[in-house]
Amino acid sequence: MCKYKMVCLDIDGTLINSNHKITEKTKDIIDIVANEKKIHTVLVSARMPKGIIPLQNELNISEPLICYSGALIVDKHSNVLVNKVIDSKVIKKIYDTSKDFKVSLSIYKDDEWYIENLDKWAINESEITNISPEIIDFNKLIKQLENQNSGANKVLCIGEPEDIQLLYKKINSISKEDINVYPSKPTYLEIMAKEVSKTSAIEFLCKEFNIERGQVIAIGDNYNDIDMIEYAALGIAMGNAPIKVKEHADEVTFTNDEDGVAKALERHLIKLS
């Protein structure tokens, strides 16, 4: 009998390949894992709900979605289970700081994506996720959030690697006590509330499903996946992951262009069961 009861899968660089597609082999293996073996298969991503739901439908699974790296969890009916936000005053500080750098800034709240300018970075992100952002003056948006005594689930900065690194250091120096900041890839800087992590969201679902840590598998490819890879009883890094990510994993599978997820799940949940 298989000891694992939950599989947590990152999306970009993990579940989907370089063409932003889920391969047929991966779909077939996940169908066996989720629908035949009844193992909870949860998508865990920095994406917004609208960027995850089509993939979940494609996989024919109906588990809760972990969005914004754990800042927002919604169930299959889009009911909100967890909602953690960055305070509007902190967002204003991030926004003002970003003006000194050549980066594209996005603000995400609930299931909405806001930008000020439709630059090349925003266009590329829109093409990857198949989602169109709302263009709005950020001072106006931040004021609205302040009046609502609210905030945003995520702030995303996109730019050249050298600009992202400089901004990373700057933001960490001014707001480290309020936010969780990490580069999810060389050109992306993800910013969430301090208490947000993929692991905190997985722990929440473990309690909901009555699942123990020793029954969790997590697979990811980048720095924002390290915490869940370390947390899981079996933490697997993709073959395309940076070396520092691989160092935190129990094992390394093939790349996302070599059906790495499918091969890992087949090995641990099908062939060994």
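Here, each number is a calculation from the coordinates, and none is a lab measurement. Model, not experiment: these values are computed from the prediction. No Cβ is skipped: glycine too gets one built from the backbone with ideal geometry, and neighbour counts run over all protein chains shown.
Observations on the structure shown:
- Nearest-ten-degree value, helix 161-175 long axis tilted from longest Cα axis of the chain: 70 degrees
- Taking the centroid of alpha carbons for each part, the stretch 96-137 and the stretch 185-264 are 26 Å apart.
- Taken along the Cα-to-beta-carbon direction at a fixed 7 Å, the label points for ASN149 and LYS3 span 4.8 nm.
- Theoretical FRET efficiency, 1/(1+(r/R0)^6), r = Cβ-Cβ of GLU258 and ASP96, R0 30 Å, to 0.05: 0.10
- Label-point separation, ILE135 to ASP119 (7 Å along Cα→Cβ), nm: 1.4 nm
- In the chain, the DSSP beta bridges split such that about 60 percent are antiparallel, to the nearest 5.
- Listed by chain and number, the lysines whose C-alpha is less than 16 Å from the C-alpha of LYS27, apart from same-chain residues fewer than 8 away, are LYS37, LYS38, LYS263.
- Contour excess over end-to-end distance, with Cα ends at LYS25 and ARG267 and 0.36 nm allotted per residue: 85.8 nm
- Folded to 0 to 90 degrees: helix 120-129 orientation relative to the chain principal axis, Cα: 30 degrees
- With 28 Å as the limit on Cα-Cα distance, the pairs of LYS109/LYS194; LYS3/LYS198; LYS109/LYS170; LYS21/LYS244; LYS5/LYS169; LYS25/LYS198 that go past it are LYS5/LYS169.
- Efficiency of FRET between LYS176 and SER18 - r from beta-carbon atoms, R0 30 angstrom, step 0.05: 0.35
- Over the residues of the chain, the helix contribution to mean residue ellipticity at 222 nm works out to -9500 deg cm²/dmol, using -39500 (n - 2.57) for each DSSP H run of at least 4.
- Pairwise FRET efficiency - LEU81 versus LYS194, Cβ, R0 = 25 Å, nearest 0.05: 0.80
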